[in-house]
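Structure record follows, encoded as structure tokens.
The values are calculated or read from the model by the stated rules, or taken from the named source; none is laboratory data. Since this is a predicted model, take the numbers as computed values, not measurements. Cβ atoms come from the backbone with ideal geometry, glycine included; neighbour counts cover every protein chain shown.
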Amino acid sequence: MVFNGNTLILLIWIVLIVWLIVLTVFLLRMIGHYNRLTKGISTHGLKEILEEILRTQNGLVVEKERLNQELRKLAADGTLHIQKIGLERYNPFSDTGGSQSFTLAILDGHDNGLVMTSLYARTGNRWYVKEVRLGKGKEYDLSKEELNAIHKAQVFKGSHI
């Protein structure tokens, strides 16, 4: 068989038409499959359902970023609340029995707060309160018991309440 120009063009057209028919059948089967997937779920077609999902997804991305900003604000604000507590019991006087005196350190996330010291003696009980800034006494020097209570508060992880 001899091929001339017209026969070659005819053969190319036949191949293209067969290829177009195959792609059309494949596309129609795929669209029918997707429409069966959404049948009974919605009156909309797959395209509308997928577009709605994309709109919802974009809205969720915006909402997630807003929630992340709120979370960062709360975390920053939370460092100003009481987070660390340390207690040191001791016996400051030789004439009393037991460790009935104590120092309580109450600190925030920046090691700011206060120490309360209760000194128990047979003649009475005395209370002292000192302000703490960055883990050190603000106006007054701290005793070793107060420093121990602050150190206990600084290493406090919430597991020994």
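I'm checking my understanding of the structure. Among residues of region 71-92 that are surrounded by 10 or more Cβ atoms within 10 Å (Cβ to Cβ), touching an Asp or Glu at 6+ places or on another chain (Cβ under 7 Å) and of a type outside the set (S, T, Y), which one is farthest from D108 (Cα to Cα)?
Top of the filtered list is E88.
So E65 passes all but one of these: (1) charged (D, E, K, R); (2) in contact with a Ser or Thr (Cβ under 6 Å, 6 or more places away or on another chain); (3) exposed (fewer than 11 other Cβ atoms within 10 Å of the Cβ). Which condition number does it fail?
Every listed condition holds for E65 apart from (2).
Just wondering, is there one or more residues in region 43-58 that are part of a loop (DSSP other than H, G, I, E, B) and either in contact with a His (Cβ under 9 Å, 6 or more places away or on another chain) or under 25 Å from H151 (Cβ atoms) (or both)? Even if it seems obvious, please write down each step before you answer.
If we filter region 43-58 for residues that are part of a loop (DSSP other than H, G, I, E, B), which is where we start, we get 43-45.
The next check asks that each one be either in contact with a His (Cβ under 9 Å, 6 or more places away or on another chain) or under 25 Å from H151 (Cβ atoms) (or both); those that pass are none.
No: zero hits.
List the pairs whose first member sits in region 74-96 and is farther than 19 Å from G113 by Cα and at pLDDT below 85, whose second member is assigned to a loop (DSSP other than H, G, I, E, B) and of a type in the set (K, R), and whose Cβ atoms are under 8 Å apart, counting only residues at least 6 apart or on separate chains?
D95/R122; T96/R122
For region 101-139, how many residues are surrounded by fewer than 12 Cβ atoms within 10 Å (Cβ to Cβ) and not in a strand (DSSP E or B)?
Residues in region 101-139 being surrounded by fewer than 12 Cβ atoms within 10 Å (Cβ to Cβ) and not in a strand (DSSP E or B): 4 in total.
Does at least one position in region 15-37 carry a residue that is under 39 Å from the mean Cα position of the chain (by Cα), farther than 30 Å from G109 by Cβ, at pLDDT below 90 and of a type in the set (V, I, T)?
If we filter region 15-37 for residues that are under 39 Å from the mean Cα position of the chain (by Cα), which is where we start, we get 34, 37.
Among the residues that remain, those that are also farther than 30 Å from G109 by Cβ are: 34, 37.
Keeping just the survivors that are at pLDDT below 90 gives 34, 37.
Now drop any that are not of a type in the set (V, I, T), which leaves none.
No: zero hits.
Could you say which residue among G86, G78 is touching a strand residue (DSSP E or B) at 6+ places or on another chain (Cβ under 8 Å) and under 30 Å from N148 (Cα atoms)? Give the derivation first.
Working: G78 fails: touching a strand residue (DSSP E or B) at 6+ places or on another chain (Cβ under 8 Å).
Sole residue among the options that is touching a strand residue (DSSP E or B) at 6+ places or on another chain (Cβ under 8 Å) and under 30 Å from N148 (Cα atoms): G86.
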